[in-house]
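Take a look at the structure below.
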Amino acid sequence: MISLTSPVETWAHRWRAGAKLGALCLATMALFAMGSVVGHAVAFALMLALYAAPGLVFFRAGMARLRMLWPFLAIIVIWHIVTATPGQGAVIALRLVTAVGLANLVTMTTRLSDMIGVVRWLAAPLRRFGVSTRALELGIALVIRFTPMLAGKGTQLARAWRARSARRPGWRIVLPFTLCAIDDAEHVADAIKARGGV
């Protein structure tokens, strides 16, 4: 989620990052405070409308990001069918999809530099006590940039294993994946030191 980007420029890109994150917090609190299926269905429909407003390309990109939720939704549906509580299951499923969809919407339409700006503003009181927040800001940026890259390398390792063996890769790619991550971290550390450190 933290590394998502939008394929097109939208109206939400012009909003301030702090305002979007604040609205996301309020919307998430409202979702968890609401207990009716109808209310969650309306919230879900509003979330879909927000994705549809910028156009079909953005809508498809946003819906593709929500596909990862299907295993969780399947477990929720099966459990609540077995326990004969379909209403509760519908509320939880709609709440999950709507909350993740809204969070994805914010991250897709907010630049990394703007996110870091919000963190810098929130951490401003710590600087009055002499605490340097530069490392925190840099750490967030590195996590956001490293996550999709490491996920891609993990996928490549799994594909390389499948090309050479009929067995599933599983734990066998953990060591090479760890070594790749350490190697990348060392390269980044060298680059940071070359530019004066943190």
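The values are calculated or read from the model by the stated rules, or taken from the named source; none is laboratory data. All figures in this text were calculated on a predicted structure; none of them were measured in a lab. In this analysis, Cβ positions are derived from the backbone assuming ideal geometry, glycine residues included, and neighbour counts consider all displayed protein chains. Remember, those area values only see protein heavy atoms, side chains included, never the ligands or the DNA or RNA. Shrake-Rupley method; radii C 1.70, N 1.55, O 1.52, S 1.80 Å.
Once fully extended, how much extra length lies between Ala124 and Trp79, figured as 0.36 nm per residue of separation less the alpha-carbon to alpha-carbon distance?
Gain on stretching Ala124 to Trp79: 11.7 nm.
Normalised by the residues of the chain, what does the relative contact order come to in percent, with Cα pairs under 8 Å and at least six apart?
27
Candidates (i) 14; (ii) 23; (iii) 44; which is the computed percent of Cα pairs over 29 Å apart?
(iii)
Can you give the FRET efficiency for Ala194 and Asp114, using 1/(1 + (r/R0)^6), R0 = 30 Å, r = Cβ-Cβ distance, to the nearest 0.05? Let's see the in-between values first.
On the way: r = 27 Å, r/R0 = 0.89.
Once rounded, the FRET efficiency stands at 0.65.
So with the 1.4 Å probe, I'd like the accessible area per residue for the range 47-198, rounded to whole Å². Please report the intermediate quantities before stating the final value.
Working: 9870 Å² over 152 residues.
Per residue, the range 47-198 has an accessible area of 65 Å².
Compute, for the range 1-122, the length of the dipole vector about the Cα centre, with Cβ point charges of +1 (Lys, Arg) and -1 (Asp, Glu) only. Units Debye, rounded to 20. Mind dumping the intermediate values first?
Working: 9 positive and 2 negative charges, 44 e Å.
Dipole size: approximately 220 debye.
Of Phe129, Phe44, Phe72, which is the most mobile in a GNM of the chain whose springs link Cα atoms less than 10 angstrom apart?
Largest GNM mean-square fluctuation: Phe129.
Summing +1 for each Lys or Arg and -1 for each Asp or Glu, what net charge is found among the other residues whose Cβ lies under 15 Å from the Cβ of Ala52? Don't jump to the answer; show the numbers that get you there.
Working: positive: Arg60, Arg65; negative: none.
Net charge in that neighbourhood comes out at +2.
Of Ala123, Val37, Phe58, which is farthest on the positive side of the dipole of the range 24-136, counting Cα position, with +1 on Lys and Arg Cβ, -1 on Asp and Glu Cβ, and the Cα centre as origin?
Ala123
Once you order the gyration tensor axes a ≥ b ≥ c over the Cα atoms, which shape class does the range 112-164 get: rounded for a/c under 1.5, otherwise prolate or oblate by comparing a/b with b/c?
Values: a/c = 7.38, a/b = 3.68, b/c = 2.01.
Judged from the Cα gyration tensor, the range 112-164 comes out prolate (a/c at least 1.5, a/b above b/c).
Taking all protein chains as present, what is the carbon and sulfur share of the accessible area of the chain, in % to the nearest whole number, probe 1.4 Å?
On the way: 8940 of 12840 Å².
Carbon plus sulfur share of accessible area: 70 percent.
Springs between alpha-carbon pairs under 10 angstrom, Gaussian network model over the chain: which of Ala43, Ala141, Ala163 fluctuates most?
Comparing Ala43, Ala141, Ala163 in the GNM, the peak value goes to Ala163.
Report the full-extension gain for the segment His187 to Thr155: residue separation times 0.36 nm, less the Cα-Cα distance, to one decimal in nm. Walk me through the intermediate numbers first.
Values: separation 32, 0.36 × 32 = 11.52 nm, distance 2.10 nm.
This chain segment gains 9.4 nm when fully extended.
Taking the chain as a Gaussian network, where each spring joins two C-alpha atoms under 10 Å apart, which residue of Val143, Val119, Val82 fluctuates the most?
Val82
Round to the nearest 0.05 the FRET efficiency obtained for Ser36 and Arg16 when R0 = 35 Å and r is the Cβ-Cβ distance. Walk me through the intermediate numbers first.
Values: r = 32 Å, r/R0 = 0.91.
About 0.65, to the nearest 0.05.
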